[in-house]
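The values are calculated or read from the model by the stated rules, or taken from the named source; none is laboratory data. This one's a predicted model, so the numbers in the text were calculated from it and none came from an experiment. Glycine also receives a Cβ, built like all others from the backbone with ideal geometry; neighbour counts cover every protein chain displayed.
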Amino acid sequence: MAQVEQIVEIDGAEAASLPPAGTYEIDAQHTSAEFVARHMFTKVRGAFPEITGSIQVAERPEDSRVEVELQTATVSTNSDMRDEHLRGDDFFSVETYPTIAFKSTAVRLTGGTQFELDGDLTVRDVTKPITLKGEFLGWGQDMSGKPRIFAEAKTTVVREDWGLNWNMAVEASGLLVGKKVDLELQVQAFKVS
């Protein structure tokens, strides 16, 4: 990075200087879309490495917009057998539903560098509202001189709300797969216009 803006303090609270308004494209090589789900007593972490999308940074942060698309066939949990099961009809049915999409509907600043991002999450052609709690980590210019923004966000969803109902009874823990899934995003995006 050629230059990175610092987090500053305004009225006793941390705040990042605002990046230039415009359209930013998600940098898939430096962005992660991960999930964490309970598997019996432990947790399993997975990711969708193929991610595309854009962030429209407005002059007023509350007017900004985000759109993200994940390729379901790229789901990876470090287990070939589990990944194949997730790609099948019990879960993502990737042949029929090749993408998971998120489109924001509102942005709320909640203090300092924190924000909430409301939006519609579409999985298997089922669209439901969710709220991501996030933090704007700052912005800077990369080595080519383009402004680049950094943020992270997370939420917890109930997978059955999107028709991901498959499960199996297990004597030791009740169910093989937990109903709640944590979603975690680490985002870098660069300005394209």
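Here are the numbers:
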{"item": "Selection count, the stretch 127-167, where residues are more than 16 Å from the chain's Cα centre (by Cα) and farther than 17 Å from LYS180 by Cβ", "result": "11"}
{"item": "Enumerated strands (runs of 3 or more DSSP E) restricted to the stretch 1-70, each holding at least 2 residues that are over 22 Å from LEU183 (Cβ atoms) and at pLDDT 95 or above", "result": "22-26"}
{"item": "Which numbered condition PHE190 fails, given (1) over 28 Å from PRO19 (Cβ atoms); (2) touching an Asp or Glu at 6+ places or on another chain (Cβ under 9 Å); (3) aromatic (Phe, Trp, Tyr)", "result": "(1)"}
{"item": "Criterion: within 19 Å of PHE115 (Cβ to Cβ) and in contact with a Lys or Arg (Cβ under 9 Å, 6 or more places away or on another chain) - qualifying residue of VAL57, VAL75, VAL44, VAL94", "result": "VAL57"}
{"item": "Residue within the stretch 126-137 that is among the aromatic types (Phe, Trp, Tyr), without any contact (Cβ under 8 Å) to a residue 60 or more places away in the chain and outside any helix (DSSP H, G or I) present", "result": "no"}
{"item": "Qualifying residue in the stretch 162-183 (condition: in a loop (DSSP other than H, G, I, E, B) and either modelled with pLDDT of 95 or more or closer than 15 Å to GLY53 by Cβ (or both))", "result": "no"}
{"item": "Yes/no for GLU59 being charged (D, E, K, R), within 12 Å of the chain's Cα centre (by Cα) and either crowded, with 16+ Cβ neighbours inside 10 Å or within 23 Å of TRP139 (Cα to Cα) (or both)", "result": "no"}
{"item": "Test result for GLU116, among the acidic types (Asp, Glu) and more than 21 Å from LYS43 (Cα to Cα)", "result": "yes"}
{"item": "Looking only at the stretch 80-105, and only at residues there that are in contact with a Gly (Cβ under 8 Å, 6 or more places away or on another chain) and in a strand (DSSP E or B), the one that is farthest from GLU62 (Cα to Cα)", "result": "PHE102"}
{"item": "Qualifying positions in the stretch 78-91 - within 19 Å of LYS43 (Cβ to Cβ) and in contact (Cβ under 8 Å) with a residue 60 or more places away in the chain", "result": "PHE91"}
{"item": "Extreme residue, nearest to the chain's Cα centre (by Cα), among residues of the stretch 63-77 that are over 15 Å from ALA153 (Cα atoms) and among the charged types (D, E, K, R)", "result": "GLU69"}
{"item": "Output for the stretch 107-124, where each listed residue is surrounded by fewer than 14 Cβ atoms within 10 Å (Cβ to Cβ) and in contact with a helix residue (DSSP H, G or I) (Cβ under 9 Å, 6 or more places away or on another chain)", "result": "ARG108"}
